[in-house]
Amino acid sequence: MSAPDHIISDQIIIFDTTLRDGEQSPGCSMNLEEKLRMAHLLDDMGVDVIEAGFPIASRGDFEAVEAISKAVKNATIAGLCRAVKRDIEASFEAIKCAPKRRIHTFISTSPLHMKYKLQMSPEAVLAAIADSVEFARQFTDDVEWSAEDGSRTEDDFLARAVEIAIKSGATTINIPDTVGYAMPADYAAKFTMLRNRVPNIDRAILSVHCHNDLGLAVANSLAGVAAGARQIECTVNGIGERAGNAALEEVVMAMRTRPDAMPFKNHIKTEMITKISRTLSSITGFVVQPNKAIVGANAFAHESGIHQDGMLKNAQTYEIMTPESVGLHRSSLVLGKHSGRHAFKTRLQDLGYGLSEEEIEDAFQRFKDLADKKKTIYDEDIIALVEDETGRDKDNIKFLSLLVQAGTRGPQIATIEMDVDGTRQTAMCEGNGPVDAIFKAIRMIIPHEEACLQLYQVHAVTGGTDAQAEVSVKIEEHEKQVVGQGTDADTLVASAKAYIHALNKLMDKRQRTAPNATDSTTESMASVEPSLTAQERVGP
């Protein structure tokens with residue numbers, strides 16, 4: 001058979017599912033404001049499709065997808081749904097305000113999933129595919145269908161399912177490696193088989209969606225593209241269920257760096273990669289491992305004398321891409337306590353921040369405070385300083401000051417001053433160490449007995465003994481987890497800021513789930529059933 005137009009094309013659609021599959025990673029939940037912030041960045045970056053969430057999963061998911069649909073101007077907004085009419089209706093209601101919208105419906109097709117998860121016969125699954133896709137097409141011409149656990153689906157059945165989905169109106173066919181089981185050659189063979197055996201395959205775009213359980217998500221995604229897929233589903237920093245998804249930054253830079261092997265194009269502005277990676281890390285509290293490809297702290301670091309010598313002679317001896325190509329600035333800032341606002345503002349612009357004059361003034365004052373404590377200020381310091389305060393102006397609880405007594409002679413005592421809804425409150429408490437004393441003092445001002453600390457993590461933003469500390473704190477209450485972050489040259493101050501940040505998120509979650517909370521959802525959601533179980537929510 002002749003190759004369809006989308007196979008001949010070298011344009012790759014980048015489908016980002018950070019806000020749906022990525023957010024399902026334990027501890028990665030985001031509030032509405034954070035999702036909107038990420039959605040705007042993804043849109044500015046050039047992502048073609050943003051999967052904004054799973055609208056039927058919860059009222060919060062519906063509201064987030066709806067808000068993103070109203071805010072994003074360029075990218076197609078997709079809502080995930082099972083092969084169930086009420087799911088599809090909820091998905092459409094959430095995305096209907098988007099200038100470009102897609103309904104993404106899925107059902108399992110592997111023998112294992114059909115027997116134990118769905119408890120449906122193969123024929124019943126095929127009927128559900130036809131019914132769900134046809135129903136979705138009543139709402140939009142852009143319908144994606146996914147064969148959950150597609151990499152472990154028998155070829156004969158997968159070919160039948162794909163043919164039915166396309167006949168019913170699906171315009172994109174996604175074959176997920178849902179559990180990260182496939183090898184690159186096996187995964188590529190699935191797409192070759194479909195192109196050869198499905199008679200109407202030229203009417204749909206093929207898509208890859210790979211998980212990283214064996215560390216092969218990116219390799220499998222690229223193998224699928226080489227075999228004819230023209231959409232890659234991925235996430236920023238590779239976050240997602242279990243070991244995560246294919247990392248957006250890795251698949252994009254692989255194509256940019258190796259056009260000889262991967263002669264494909266995409267719309268991604270790669271210079272935004274570092275900024276969006278760090279923003280997501282700041283929001284979720286998931287620190288990127290230092291040796292992570294593209295965005296890790298060591299990705300462009302060279303310690304070996306041999307490597308350093310080669311770099312000084314020609315950077316290409318040990319760097320296959322430039323730091324600038326991913327928006328990274330490695331040189332130290334020529335800024336200090338004597339620097340003026342203009343120089344600082346220019347540097348913020350160079351780093352990709354478009355702040356208001358009020359926000360610049362606030363950041364400048366904090367920069368001057370930091371400059372009094374540090375001799376050398378790096379780009380990473382500026383980024384951490386700005387990210388630490390972004391979106392905090394609306395917090396009900398604000399950090400004001402901290403005094404700590406610590407050391408071997410004890411006792412460890414913390415005195416903290418906070419602004420709670422406009423009222424200054426102070427508490428002093430002893431603890432088993434300075435951090436414990438700080439957190440207990442915060443608890444005295446804001447009681448939260450049923451919430452427990454699940455994670456306390458510290459890492460240095462840059463090198464040196466005067467490096468800023470970035471602290472991540474995870475709190476859990478009634479199976480709801482929130483992550484807070486704080487940055488400061490003083491680790492104890494950063495710890496207090498992180499805990500208070502987490503508390504603000506916890507209060508926000510309490511308000512959203514309160515029985516008498518204001519219902520801003522559309523009337524169509526009145527009939528939506530309660531939140532899905534963890535198993536139902538997983539998706540492709």
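The values are calculated or read from the model by the stated rules, or taken from the named source; none is laboratory data. Worth saying up front: this structure is predicted, and the values here are computed from it rather than measured. Every residue, glycine among them, receives a Cβ derived from its backbone with ideal geometry; neighbour counts consider all protein chains shown.
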- Query: Looking at T462, is it part of a loop (DSSP other than H, G, I, E, B), buried (at least 16 other Cβ atoms within 10 Å of the Cβ) and of a type outside the set (D, E, K, R)?
  - Reply: yes
- Task: Just give me the residues in segment 399-422 being among the hydroxyl-bearing types (S, T, Y) and touching a strand residue (DSSP E or B) at 6+ places or on another chain (Cβ under 8 Å), in sequence order.
- Result: S401, T415
- Note on the structure: Subset of segment 88-133, residues polar (S, T, N, Q) and either in contact with a helix residue (DSSP H, G or I) (Cβ under 7 Å, 6 or more places away or on another chain) or at positive phi (or both), comes to S91, T105, S108, T109, S110, Q119, S132
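Would a scan of segment 188-203 turn up a residue that is among the β-branched types (V, I, T), touching a helix residue (DSSP H, G or I) at 6+ places or on another chain (Cβ under 7 Å) and in a helix (DSSP H, G or I)? Even if it seems obvious, please write down each step before you answer.
Quick first cut of segment 188-203, residues among the β-branched types (V, I, T) only: 192, 198, 201.
Checking which are touching a helix residue (DSSP H, G or I) at 6+ places or on another chain (Cβ under 7 Å) leaves us with 198, 201.
After this cut, where a residue has to be in a helix (DSSP H, G or I) as well, the list is 201.
Looking for residues that are among the β-branched types (V, I, T), touching a helix residue (DSSP H, G or I) at 6+ places or on another chain (Cβ under 7 Å) and in a helix (DSSP H, G or I), one finds at least one in segment 188-203, hence yes.
Out of curiosity, is A78 at pLDDT 95 or above, within 25 Å of A227 (Cβ to Cβ), outside any loop (DSSP other than H, G, I, E, B) and of a type in the set (G, A, S)?
Numbers: at pLDDT 95 or above: yes; within 25 Å of A227 (Cβ to Cβ): yes; outside any loop (DSSP other than H, G, I, E, B): yes; of a type in the set (G, A, S): yes.
Answer is yes for this residue.
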- Which of the residues belonging to segment 72-90 are farther than 16 Å from D131 by Cα and more than 18 Å from the chain's Cα centre (by Cα)? K73, N74, A90
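Residue-by-condition table, conditions (1) among the hydrophobic types (A, V, I, L, M, F, W, C); (2) over 16 Å from I276 (Cβ atoms):
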residue: P26; (1), (2): no, yes
residue: S29; (1), (2): no, yes
residue: L32; (1), (2): yes, yes
residue: M38; (1), (2): yes, no
residue: D44; (1), (2): no, no
residue: V47; (1), (2): yes, no
residue: I50; (1), (2): yes, no
residue: P55; (1), (2): no, yes
residue: E63; (1), (2): no, yes
- Query: Do we find a residue being at pLDDT 95 or above, more than 21 Å from D48 (Cβ to Cβ) and part of a loop (DSSP other than H, G, I, E, B) anywhere in segment 156-167?
  - Reply: no
- Item | Number of positions in segment 465-500 that are more than 18 Å from L403 (Cα to Cα), of a type in the set (D, E) and either in contact with a Cys (Cβ under 9 Å, 6 or more places away or on another chain) or in a strand (DSSP E or B) (or both) | 3
- All positions within segment 188-206 that are touching an Asp or Glu at 6+ places or on another chain (Cβ under 6 Å) and buried (at least 21 other Cβ atoms within 10 Å of the Cβ): V198
- Message: List the residue pairs whose Cβ atoms are under 6 Å apart, where the first residue sits in segment 42-58 and is within 20 Å of N266 (Cβ to Cβ), the second is among the basic types (K, R), and the two are 6 or more positions apart or on different chains.
- Response: M45/K269; G46/K269; E51/R20
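Of everything in segment 467-525 that's at pLDDT below 75 and either over 30 Å from E93 (Cα atoms) or not polar (S, T, N, Q) (or both), which residue is nearest to the chain's Cα centre (by Cα)? Please lay out each step first, then the result.
Within segment 467-525, the subset at pLDDT below 75 is 511-525.
Filter again for either over 30 Å from E93 (Cα atoms) or not polar (S, T, N, Q) (or both), leaving 512, 514-515, 517, 519, 523, 525.
Values: R512: 22, A514: 27, P515: 29, A517: 27, D519: 27, E523: 29, M525: 26 Å.
Per the stated criteria, the residue is R512.
Yes or no: D43 more than 18 Å from N174 (Cβ to Cβ) and at pLDDT below 95? Before the answer, list the steps.
On the way: more than 18 Å from N174 (Cβ to Cβ): yes; at pLDDT below 95: no.
No.
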- Of (1) of a type outside the set (S, T, N, Q); (2) in contact with a helix residue (DSSP H, G or I) (Cβ under 9 Å, 6 or more places away or on another chain); (3) in contact (Cβ under 8 Å) with a residue 12 or more places away in the chain, D142 fails just (2)
- Query: Here are S29, S58: which of them is polar (S, T, N, Q), over 13 Å from the mean Cα position of the chain (by Cα), surrounded by fewer than 24 Cβ atoms within 10 Å (Cβ to Cβ) and not assigned by TED's automatic domain parsing to the domain that holds D508?
  - Reply: S58
